[in-house]
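The values are calculated or read from the model by the stated rules, or taken from the named source; none is laboratory data. Just so we're clear, the structure is a prediction, and the values are computed from it rather than from any experiment. Here the Cβ positions follow ideal geometry from the backbone for every residue, glycine too, while neighbour counts run over all protein chains shown.
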Amino acid sequence: GESVGLHLPTLSVQEGDNSIINCAYSNSASDYFIWYKQESGKGPQFIIDIRSNMDKRQGQRVTVLLNKTVKHLSLQIAATQPGDSAVYFCAESRLAGSGDKLTFGTGTRLAVRP
Amino acid sequence: KAGVTQTPRYLIKTRGQQVTLSCSPISGHRSVSWYQQTPGQGLQFLFEYFSETQRNKGNFPGRFSGRQFSNSRSEMNVSTLELGDSALYLCASSLKPSSYNEQFFGPGTRLTVL
């Protein structure tokens, strides 16, 4: 498959455990945040998003936490499964006003041990 | 429903040449965005088109250009290729501009510049 990143930080977790992937963003004006999953040989896939007026949002087995004070975003995956193995990216955008565009984090590789 | 398709999937060019990549969005999607992905820089936004108009552009030199046709298909062109242009070029489509939570990515075109 395609090599997404040769030197990405890697998080190794046991199947069934919870995973926490962290992301620091840079622009304090960003008001919209997204987490993506990218499997080998595929394009990124939207997982969950959150707006800056929230600090937590839950989806199916995933939770995103936003701490605007320290410009930190995290993705929690409950009961991690082998199919969760992938590279995870956060992205930020500023929806207010014109010229919004996504800025991506460097990514974290999640490896699930059976 | 067919997903986003990109052609070609793989391409090898030499420095100084130009290249054109094609993206066919999901049927009914009118917004197409292009991204460059490299191990060193990660994912970077190139440009977004909606209804045949460039709506937004990232921080790339003028050698990178694009267009969108009336059927929403999009092409991007890179002229005077440089070694650093070697990357995975991803296209994503959505119904409306900046609808990131409804945006679907294609598998990408892997460009190698020799």
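Structure summary
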{"quantity": "Checking A:LEU95 against (1) farther than 22 Å from B:GLN103 by Cα; (2) among the aliphatic types (A, V, I, L, M); (3) within 10 Å of another protein chain (Cβ to nearest Cβ), the condition it does not meet", "calculated": "(1)"}
{"quantity": "Given (1) farther than 16 Å from A:THR106 by Cβ; (2) not in a loop (DSSP other than H, G, I, E, B), number of the condition A:SER74 does not satisfy", "calculated": "(1)"}
{"quantity": "Filtered residues of segment B:101-114 (kept if within 15 Å of B:ILE26 (Cβ to Cβ) and not acidic (Asp, Glu))", "calculated": "B:ASN101, B:GLN103, B:PHE104, B:PHE105, B:GLY106, B:PRO107"}
{"quantity": "Hey, A:SER19 more than 12 Å from chain B (Cβ to nearest Cβ) and under 30 Å from B:PHE50 (Cα atoms) or not", "calculated": "no"}
{"quantity": "Residue in segment A:67-77 that is free of Cβ contacts under 8 Å to residues at least 12 places away in the same chain, within 11 Å of chain B (Cβ to nearest Cβ) and either exposed (fewer than 14 other Cβ atoms within 10 Å of the Cβ) or closer than 20 Å to A:TYR25 by Cα (or both) present", "calculated": "no"}
{"quantity": "Every residue from segment B:95-106 that is within 17 Å of B:MET76 (Cβ to Cβ) and either small (Gly, Ala, Ser) or modelled with pLDDT of 95 or more (or both)", "calculated": "B:PHE105, B:GLY106"}
{"quantity": "Residue within segment B:78-100 that is in a strand (DSSP E or B) and surrounded by fewer than 18 Cβ atoms within 10 Å (Cβ to Cβ) present", "calculated": "no"}
{"quantity": "Answer from A:ALA24, A:ALA86 - the residue that is within 30 Å of B:ASN56 (Cα to Cα), surrounded by 17 or more Cβ atoms within 10 Å (Cβ to Cβ) and in contact (Cβ under 8 Å) with a residue 24 or more places away in the chain", "calculated": "A:ALA86"}
{"quantity": "Some residue of segment B:37-53 being of a type outside the set (A, V, I, L, M, F, W, C), touching a strand residue (DSSP E or B) at 6+ places or on another chain (Cβ under 6 Å), closer than 21 Å to A:THR103 by Cβ and touching a residue at least 60 places away in the same chain (Cβ under 8 Å)", "calculated": "yes"}
{"quantity": "Matching residues in segment B:60-114 - criterion: being within 14 Å of chain A (Cβ to nearest Cβ), of a type in the set (S, T, N, Q) and at positive phi", "calculated": "B:SER98"}
{"quantity": "Extreme residue, modelled with the lowest pLDDT, among residues of segment B:11-59 that are within 11 Å of chain A (Cβ to nearest Cβ) and loosely packed, with under 12 Cβ neighbours inside 10 Å", "calculated": "B:GLY40"}
{"quantity": "Test result for B:PHE47, part of a loop (DSSP other than H, G, I, E, B) and not polar (S, T, N, Q)", "calculated": "no"}
{"quantity": "Those residues of segment A:12-38 which are modelled with pLDDT of 95 or more and outside any strand (DSSP E or B), in sequence order", "calculated": "A:GLU15, A:GLY16, A:ASP17, A:ASN18"}
